[in-house]
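**Student:** Following this message is one structure expressed as structure tokens.
The values are calculated or read from the model by the stated rules, or taken from the named source; none is laboratory data. Just so we're clear, the structure is a prediction, and the values are computed from it rather than from any experiment. Virtual Cβ from ideal backbone geometry, glycine too; neighbours counted across all protein chains shown.
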Amino acid sequence: MAAKLLKLQARTDYVDEVYKVLLDAISEGSLAPGARITQEEIAEQLAVSRSPVLQALRLLKKDGLVQDAPGRGLLVAPLDATWIAHLYEIRGALDSLAASLAAQRGAVLDKTLISKGRRASKGDDVKAMIDADWAFHSAIYRASGNPLIEQTAHLHWVHLRRVMGAVLQSSAQRKSIWDEHAAIFDAITAGDAAAAVELTNLHTHRARENLVRRLGEVLADDAGNASAHVRV
């Protein structure tokens, strides 16, 4: 891994910080599928001991984001089209249910969710775009009145974050995503559950199609992506 990582600020427990740094790098694509990573390099570049790095990598491996590399070390797990299809089946069901319940309850959503999302989509910070996207969907989960929806979605968040990042790396999709979000927002605030479900299903379908297309591009990339820089 010829990546450049910035040193972390001094603290007593670095595991969460190291995990977040690597998760962000994987989600944003700066650590591309197939990128090789080793404890020693990460520890050296982050200026931490190998212990928290080892624990963070174990968590990432448990989450299915990294896997054993041939010989030594780990590599970023590839994106799998079949697994992604399964993930979007779950996400689609949760999102449409949440949108329907939120509309039926006459939920009032924060208008700044849309404006902040549009602002993020015009920049180059993929992490900010992912965070804005998650904030929007999380608001709908909470507005549904069923806490199990958000809890269930959160179980898959690290993977949703990664696939969101894969889609958002393509600037062509950023504006349309927030146009779709705005339409869903309007349907929910208008109390139109049927429209909210229809628009949410359409949004999920398009997101999946965009991701499949993006996945094809990722798989066609040269293995040199494995040496991309990591930004923290």
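**Student:** Going by what's in this entry, would residue 84 be described as of a type outside the set (Lys, Arg) and crowded, with 21+ Cβ neighbours inside 10 Å?
**Tutor:** no
**Student:** Within the range 163-210, count every residue that is closer than 17 Å to residue 28 by Cβ, touching a residue at least 60 places away in the same chain (Cβ under 8 Å) and not in a helix (DSSP H, G or I).
**Tutor:** Going through the range 163-210 one residue at a time, the tally reaches 1.
**Student:** Go through 143, 135, 120 for me and flag whichever is surrounded by fewer than 21 Cβ atoms within 10 Å (Cβ to Cβ) and not aromatic (Phe, Trp, Tyr).
**Tutor:** Residue meeting the stated conditions: 135.
**Student:** Could I ask something else about it? Which is over 14 Å from residue 85 (Cα atoms), in contact with a helix residue (DSSP H, G or I) (Cβ under 8 Å, 6 or more places away or on another chain) and of a type in the set (A, V, I, L, M), of 207, 172, 153? Step through it out loud before you land on a result.
**Tutor:** Values: 207 fails: over 14 Å from residue 85 (Cα atoms); 172 fails: in contact with a helix residue (DSSP H, G or I) (Cβ under 8 Å, 6 or more places away or on another chain).
On inspection, the qualifying residue turns out to be 153.
**Student:** If the requirement is being at pLDDT below 90 and out of contact with any strand residue (DSSP E or B) (no Cβ under 6 Å at 6 or more places or on another chain), which of these qualifies: 24, 63?
**Tutor:** Going through 24, 63 in turn, just one is at pLDDT below 90 and out of contact with any strand residue (DSSP E or B) (no Cβ under 6 Å at 6 or more places or on another chain): 24.
**Student:** Within the bounds of the range 29-43, is there any residue that is loosely packed, with under 14 Cβ neighbours inside 10 Å and within 30 Å of residue 148 (Cβ to Cβ)?
**Tutor:** no
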